[in-house]
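Before any comments, here is the structure.
The values are calculated or read from the model by the stated rules, or taken from the named source; none is laboratory data. Because the structure is predicted, anything quoted here is derived from the model rather than measured. Neighbour counts run over all protein chains shown; Cβ positions are idealised from the backbone, glycine included.
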Amino acid sequence: MMSKIIIVLFHILLYSELKPSKAQTWIKSGYWFSGIGSPISDINSALFTHLICAFADVNSSSYELSLSSSDEQYFSTFTNTVSQKNPSVTTLLSIAGGNANHTTLSSMVSTASYRKSFIDSSIKIARLYGFQGLDFSWLSANTSSDMTNMGLLFQDWRAAVNSEAKNSSQKELILTAAVPYSPNSDTVYLPVDSIRTNLNWVHVNAYDYHAPGWSNYTGAHAALYDPSDQANTDHGIGAWIGRGLSASKLVLGLPFYGYAWTLKNPNDNGIGAPATGPAAIAIKDLGAMRYYLIKSYAQSNGAAIMYNATYVVNYCTVGSTWIGFDDVEAVRMKVSYAREKKLLGYVVWQVPYDDNWALSLAAQGEENNARPNWRLLVIILTTTATIALLLCLLVYYLRMRKLRSIAKKLESKANNIAAAGDSDSNIPNLQVFSLADIEAATNKFSFENKVGEGGYGPVYKGVLPNGKEIAVKKLSKTSTQGFEEFKNEVMLTAKLQHVNLVRVLGFCIESDEQMLIYEYMPNKSLDFYLFDPIRRELLDWKKRIDIIEGVTQGLLYLQEYSRMIIIHRDLKSSNILLDEEMKPKISDFGMARIFKKDEHEANTNRIVGTYGYIPPEYAQKGVYSTKSDVYSFGVLLLQIISGKRTAFYHGLDEHVNLLEYAYELWKEGKGMEFKDPTLDDTTSSCKLIRCMQIALLCVQENAIDRPSMLEVSSMLKNETIVVTKPKKPAFSTKRDEGDEKDSRLQALQLEIFSVDDSTITEVVAR
């Protein structure tokens, strides 16, 4: 009873100290753009006070707001969807953006009647779909008349919003605008007076100071400070305040993306190093790269991420590729800066680019810790000391009870699936191992028993009392994978039984440990041989054909012959294990997803897998299907043929990726130069060049151009089947002759760096 009283008092004290003032709320906002296809439901809205849905267009004849049918289905449900995780979140509808027609906007703001049509329709749509505010994003305004007329728009808009609120008895709509990092340019000035009087606040686009599309040296594209250039955030914020706009009306923009340059000299790799343009790994010609892709690329290549406190920016280098971006250190410093300057908050561009919410949590953590209250600290420490022991005991008890309950449910469900699914009736039930059993089998997880380590954690060899060899995969405390992946793998592998899939024997959940127990594969994984100059000779062309056939059969089972369609999503050489006869078995189903037979594709905001193996539609829009695994298989097939890694660049100047290198050699009739020099296919009916051509078909940019695994199997087995001529593979930096547009024009249509009416499908900057 006493502990309950203490806890109640503790919360009362916290509430009295932390109760927000009535002055103004600290803004934690972010943009969500419909053009990237990320599900609204994936947004962790609990991390934000405001979420902005982008972008509504303006009709060129009526000047009313215009929504496409595809956008309307998102916009109409946006507020309700994000409110499910955070009922107090405020939503705004953003208008125009980088794909808006500049002429239409210029005409709209120039005439009072056009402005009225625009304003009335914007208020109507905001009320219809439950938005609590409106955001205007017209960054291409570039004349004095445009600026003056935009000021008039804000004035008319405010008057209409006030009038509508009084007549409808509803709360006034919030009015905001996206603005450049500085209100000043060489020729025009933004209408600061109108902004100060009529807008609630502005979103400062504090990024895109440098990019490889126009800079021939590496740069901090979102530098907080720059000792040699006025293009930096601190200078811009100072300019806004100097023009008379209160700091309390400025919301600082945080870019959740970066840029990748190609260095002239890999040894000269600091900020300001000479560069030759965008790196091949990034968006063509522009070099843009989303944060989660940057992190995946750095991790898969073992790149160290550096922090530069002078500019407040992070960067990493892999060979001749240099990537500048904001990681958690830079984000924390920028949020701290916003607090110190008494700005209103921060805004993210854009929310789905985050990696497992790392940056959003960093920003929120800095906001929460920005101003310590020492009196509150004393209260918290003294109160916590009284109840800490009780809470620890309670948490431990509840966790142990939950783990025991989960273990029982897993055991029951897994056994039911194994008994009722596709598997043979002779398949034994999954066994629940005790921690003592596993410790005895692995010699207490000794270093001598450790056989490898992956993203999930370390893998140990063990021997059960009956002499059976096992492999134990143990979840690491620092793993980004968690219990969902653990549970997913148990449930899936209990159901899937095939000679080319690794079999799970059981699992262990005890004392905070989560472990999967597999059949032991004595010959390790395919990458152990494929990329080693000595061991690769153990894999002659006949053995590699057997491995290709085995992987093909495993994928065929997952996609065609099991009761459900299984998408692996992390097919790669290290996940192909080899048994005592060097027969391949696909492993690691933690990231896999199940489709019904009548489903074709799905969408996610959480991109998993390994950089270099994931197709463009998945990396850019989160769309995955059976063709995603076909793409990964194509990459794997090229690696089996060549013995080359995807992480490196190839060719005479080492400037193209593995897929493009293979294509260029195949196109020039030099395919045999691509193969592993130890291979000889003269006595085999399955020829290297044919396999290479099939692999290139699997890695086509558009999923519809890739064959199914059934077609792949037929082409590999039947020499009489004609293999289609492949086009350029995905992520190519060059274009085939005869393409309608050159690569630069196409890239500019895909991004929104220009100020004209280019189309947006992959948004990086506004």
Check your understanding: Of the residues that sit in segment 117-139 and are crowded, with 19+ Cβ neighbours inside 10 Å and in contact with a His (Cβ under 9 Å, 6 or more places away or on another chain), which one is nearest to Arg196 (Cα to Cα)?
Key -> Asp135
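For (1) of a type in the set (A, V, I, L, M, F, W, C); (2) in contact (Cβ under 8 Å) with a residue 24 or more places away in the chain; (3) farther than 30 Å from Trp322 by Cβ, each residue gets a yes or a no:
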site: Gln639; (1), (2), (3): no, yes, no
site: Arg645; (1), (2), (3): no, yes, no
site: Gln700; (1), (2), (3): no, yes, no
site: Glu719; (1), (2), (3): no, yes, yes
site: Val723; (1), (2), (3): yes, yes, yes
Revision key, fill the gap. Restricting attention to segment 246-255, the residues that are buried (at least 23 other Cβ atoms within 10 Å of the Cβ) and either without any contact (Cβ under 8 Å) to a residue 24 or more places away in the chain or more than 27 Å from the chain's Cα centre (by Cα) (or both) number exactly 1
**Study point:** Sole residue being crowded, with 23+ Cβ neighbours inside 10 Å, touching a residue at least 60 places away in the same chain (Cβ under 8 Å) and either farther than 29 Å from Ala177 by Cβ or under 23 Å from the mean Cα position of the chain (by Cα) (or both), chosen from Gly319, Gly258
**Key:** Gly258
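Run down Asp512, Asp570, Asp532 and say which single residue is without any contact (Cβ under 8 Å) to a residue 24 or more places away in the chain and either crowded, with 22+ Cβ neighbours inside 10 Å or out of contact with any strand residue (DSSP E or B) (no Cβ under 8 Å at 6 or more places or on another chain) (or both).
Numbers: Asp512 fails: without any contact (Cβ under 8 Å) to a residue 24 or more places away in the chain; Asp570 fails: without any contact (Cβ under 8 Å) to a residue 24 or more places away in the chain.
That would be Asp532, the only listed residue that is without any contact (Cβ under 8 Å) to a residue 24 or more places away in the chain and either crowded, with 22+ Cβ neighbours inside 10 Å or out of contact with any strand residue (DSSP E or B) (no Cβ under 8 Å at 6 or more places or on another chain) (or both).
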Check your understanding: With segment 473-589 as the region, which helices (runs of 4 or more DSSP H) entirely inside it contain at least 1 residues that are assigned by TED's automatic domain parsing to the domain that holds Ile641?
Key -> 526-530, 541-556
Exercise for review: Run Phe325 past the list (1) closer than 23 Å to Pro180 by Cβ; (2) surrounded by fewer than 18 Cβ atoms within 10 Å (Cβ to Cβ) and report the number of the one that doesn't hold.
Suggested key: (2)
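Any idea which of Asp234, Asp226 is under 15 Å from Tyr346 (Cα atoms) and touching a residue at least 60 places away in the same chain (Cβ under 8 Å)? Step through it out loud before you land on a result.
On the way: Asp226 fails: under 15 Å from Tyr346 (Cα atoms).
The match here is Asp234.
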Review point. Across segment 326-347, what is the number of residues that are more than 21 Å from Cys316 (Cβ to Cβ), in contact with an Asp or Glu (Cβ under 9 Å, 6 or more places away or on another chain) and of a type outside the set (Ser, Thr, Tyr)?
Key: 5
Check your understanding: Just to be sure, is Ala178 more than 18 Å from Ser137 (Cα to Cα) and modelled with pLDDT of 95 or more?
Key -> no
Check your understanding: Any residue in segment 449-463 that is touching a strand residue (DSSP E or B) at 6+ places or on another chain (Cβ under 8 Å), modelled with pLDDT of 90 or more and of a type in the set (Ser, Thr, Tyr)?
Key -> yes
Practice item. Look through Gln497, Gln481 and report the one residue that is surrounded by fewer than 22 Cβ atoms within 10 Å (Cβ to Cβ), at pLDDT below 90 and farther than 29 Å from Lys295 by Cα. Key: Gln497
Check your understanding: Hey, does segment 355-375 have a residue that's at pLDDT below 65 and aliphatic (A, V, I, L, M)?
Key -> yes
Review point. Is there a residue being free of Cβ contacts under 8 Å to residues at least 60 places away in the same chain and not in a loop (DSSP other than H, G, I, E, B) anywhere in segment 274-282?
Key: yes
Revision key, fill the gap. When segment 177-233 is checked residue by residue, the ones that are part of a helix (DSSP H, G or I) and surrounded by 23 or more Cβ atoms within 10 Å (Cβ to Cβ) are Ile195, Thr233
